[in-house]
Amino acid sequence: MTAPAYGVLRQVSGTASVLLENNPSSMTLEGTNSWVLRAAPDVPAVVVDPGYRDLEHLELLAGAGAVELVLLTHFHPDHAEGAPWFAERVGAPVRAFDPALCVGASSFVDGEVISAGGLSIRVLHTPGHTGDSVSLVLDGQVLTGDTILGRGTTVLHDLGDYLRSLRKLIELPPGTVGLPGHGPELLDLPATAREYLAHREQRLDQVRSALQTLGADATPRQVVEVVYADVDRALWAPAELSVQAQLDYLRSEENG
């Protein structure tokens, strides 16, 4: 793997560039991808997920040119914490699904089309990672936030919501490019979403099997120790969150 290119605005397509924040971790991979969208170089941009309140990163992002609008894929601080400071710095409003995150503008409506940056950006509510997660569809590309990462799998809040969100993304045209909140671009997002769905169904089968051995009242940690035995223990804590979502889903199924 090549070294991450922090502080360099990288052109990904004719309408999308990315600035990688220097906040690598097991949860953020190489760091947060802050996306800059515009139809042409002389058009004010749409910035998606400015990241933490990391002033060095935010100043570099502000240096990418005039900004018309800031959009957030969800509330987690590695995506949204810096948005109020950045919005004031560039003089642009902030929109998100959660009204509490908005600055000088209204919250998203599922399915609405936003006209900004010379682009038409369609909002897809794709909960599961968080209740307020959205994906942003434009020009054969989708910004997925943490709903689908460029590498590995995401932590879940609600598995039922997540499975429904994956099915929405599977319905997009084949070859639609995924622009994730962390990690590299995905050349065929619907195909990746299909792989994610198969993976989640496999994990559900593994959790069901673990419960048969451990008993129906097993804790998430006990299930992780069985199902994720071959996974780096540094990832067991976030895995517990996903297992809790799986247990909640299975128990809701049982209760009809």
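Structural remarks
- Unique residue being loosely packed, with under 15 Cβ neighbours inside 10 Å and part of a loop (DSSP other than H, G, I, E, B) when the list is 106, 115, 120: 106
- Checking each residue in the stretch 210-223 for being in a helix (DSSP H, G or I) and either surrounded by 13 or more Cβ atoms within 10 Å (Cβ to Cβ) or assigned by TED's automatic domain parsing to the domain that holds residue 156 (or both) picks out 210, 211, 214, 220, 221, 222, 223.
- Hey, residue 140 of a type in the set (Gly, Ala, Ser), under 27 Å from residue 65 (Cα atoms) and under 10 Å from the mean Cα position of the chain (by Cα) or not: no
- If you go through the stretch 101-129 and keep only what is under 15 Å from residue 75 (Cβ atoms) and touching a residue at least 12 places away in the same chain (Cβ under 8 Å), you end up with 101, 103, 107, 108, 125, 126, 127, 128, 129.
- Output for the stretch 157-178, where each listed residue is not acidic (Asp, Glu) and not in a helix (DSSP H, G or I): 157, 172, 173, 174, 175, 176, 177, 178
- For residue 190, the criteria (1) farther than 19 Å from residue 243 by Cα; (2) under 13 Å from the mean Cα position of the chain (by Cα); (3) in a helix (DSSP H, G or I) hold in every case but one, which is (2).
- Residue match in the stretch 135-155 (condition: basic (Lys, Arg) and part of a loop (DSSP other than H, G, I, E, B)): yes
- Per the listing 226, 231, the residue uniquely touching a helix residue (DSSP H, G or I) at 6+ places or on another chain (Cβ under 7 Å), over 30 Å from residue 173 (Cα atoms), in a helix (DSSP H, G or I) and among the β-branched types (Val, Ile, Thr) is 226.
- Cβ separations smaller than 7 Å between residues 6+ apart or across chains give the following pairs from the stretch 24-45 residues that are of a type in the set (Ser, Thr, Tyr) and modelled with pLDDT of 95 or more to residues that are surrounded by fewer than 21 Cβ atoms within 10 Å (Cβ to Cβ) and part of a loop (DSSP other than H, G, I, E, B): 32/23.
- Remark: residue 19 falls outside the filter, which requires a residue to be assigned to a helix (DSSP H, G or I), at pLDDT 95 or above and in contact with a Leu (Cβ under 7 Å, 6 or more places away or on another chain).
- Out of 29, 20, 60, one residue alone is more than 13 Å from residue 183 (Cα to Cα) and among the aliphatic types (A, V, I, L, M). It is 60.
- For residue 127, the conditions (1) closer than 17 Å to residue 244 by Cβ; (2) in contact with a Ser or Thr (Cβ under 8 Å, 6 or more places away or on another chain); (3) at pLDDT below 95 all hold with the exception of (3).
- There is at least one residue in the stretch 189-196 that is out of contact with any helix residue (DSSP H, G or I) (no Cβ under 6 Å at 6 or more places or on another chain), surrounded by fewer than 17 Cβ atoms within 10 Å (Cβ to Cβ) and free of Cβ contacts under 8 Å to residues at least 60 places away in the same chain.
- Sole exception among (1) assigned to a loop (DSSP other than H, G, I, E, B); (2) over 14 Å from residue 154 (Cβ atoms) for residue 183, by number: (2)
The values are calculated or read from the model by the stated rules, or taken from the named source; none is laboratory data. In this text, all values refer to a predicted model and were calculated from it rather than measured experimentally. FYI the Cβ positions are ideal-geometry reconstructions off the backbone, even for glycines, and counts take in every protein chain you see.
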